[in-house]
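Notes follow the structure.
Read-outs throughout are calculated quantities, based only on the coordinates presented, and are distinct from any laboratory measurement. Small disclaimer: the values here were computed from a predicted structure and weren't measured. Methodologically, a virtual Cβ is constructed for each residue, glycine included, from the backbone with ideal geometry; neighbour enumeration extends over all protein chains shown.
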Amino acid sequence: MSTLTIPFLIKGPSFLAGMAGELENGEFRAALPNADAAAFFDYWLARCSEAGIPEKADIDPIELPRLLHAIYIEEWDQESRQSRIRLAGEFHREVAGFNVQGLSVDEHASGETSEIWKQCDQLNFFELRPTFSGYDLGHVKKPHRYLADLTLPVRAGPDEVLAFGFVWPLEA
């Protein structure tokens, strides 16, 4: 895999019309730079059906114990027109320096990071696309300055989508 330039955003295939093709999913998976990200994507993809993205009942983060510390779940907040973190592993608190659970994008991110996060939200929640992004958290002043983020849409009801995400440190 080539070196990624931060910031970046790679969008996966759309699941709006049902299950995306094997080729498109394979190309997206090939962009993932490590085994944990690939395992997270494979877990999600195995729960997809011909109808499209997995149902919330099919996803249980506990089944990914090695990744649990870095998993998060977002919901779309119609009032603020942005996502809100419903659940976040301990890695998120470590990176941010505070508890991000319950916060909207504007409440836990800023600048370029916020813009990339919002672009991913549009792709996840409204186009039902997986996204792989990277951003610089230099403003946080923590050891993990560069982060990669794999976010996958999950159906929570007839008209509700959640984003199931996994974050890890990147080398610059």
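Please go through region 1-90 and write out the trypsin sites (Lys or Arg not before Pro) that DSSP classes as loop and that have at most 13 other C-beta atoms within 10 Å.
Loop-located and lightly packed - 66, 81.
Kirkwood hydrodynamic radius, region 1-155, all distinct C-alpha pairs: what's the number in Å? Display every interim value, and only then the final one.
Values: mean 1/r = 0.0626 Å⁻¹.
Computed over Cα pairs of region 1-155, the Kirkwood hydrodynamic radius comes out at 16.0 Å.
For region 18-68, what does the alpha-carbon gyration tensor say about shape, rounded, prolate or oblate, given a ≥ b ≥ c as the root eigenvalues, a/c under 1.5 as rounded, and a/b over b/c as prolate?
Values: a/c = 3.71, a/b = 1.09, b/c = 3.42.
It is oblate, given that a/c is not under 1.5 and a/b is not larger than b/c.
Using label points projected 7 Å from each Cα along Cα→Cβ, tell me how many nm separate residue 87 and residue 51, to one decimal.
Using points 7 Å along Cα→Cβ, the separation is 2.1 nm.
Could you pull out the GluC sites (Glu not before Pro) across region 69-112 that fall in loop regions by DSSP (anything but H, G, I, E, B) with no more than 11 other Cβ atoms inside 10 Å? Please report the intermediate quantities before stating the final value.
Working: sites: 74, 75, 79, 90, 94, 107, 112; in loops: 79.
Within region 69-112, the qualifying GluC sites (Glu not before Pro) (loop, at most 11 other Cβ atoms within 10 Å) are 79.
Let me have the relative contact order for the chain, percent, based on Cα pairs under 8 Å that are six or more residues apart.
Working: 317 pairs, mean separation 44.7, N = 172.
Once normalised by length, the contact order is 26 percent.
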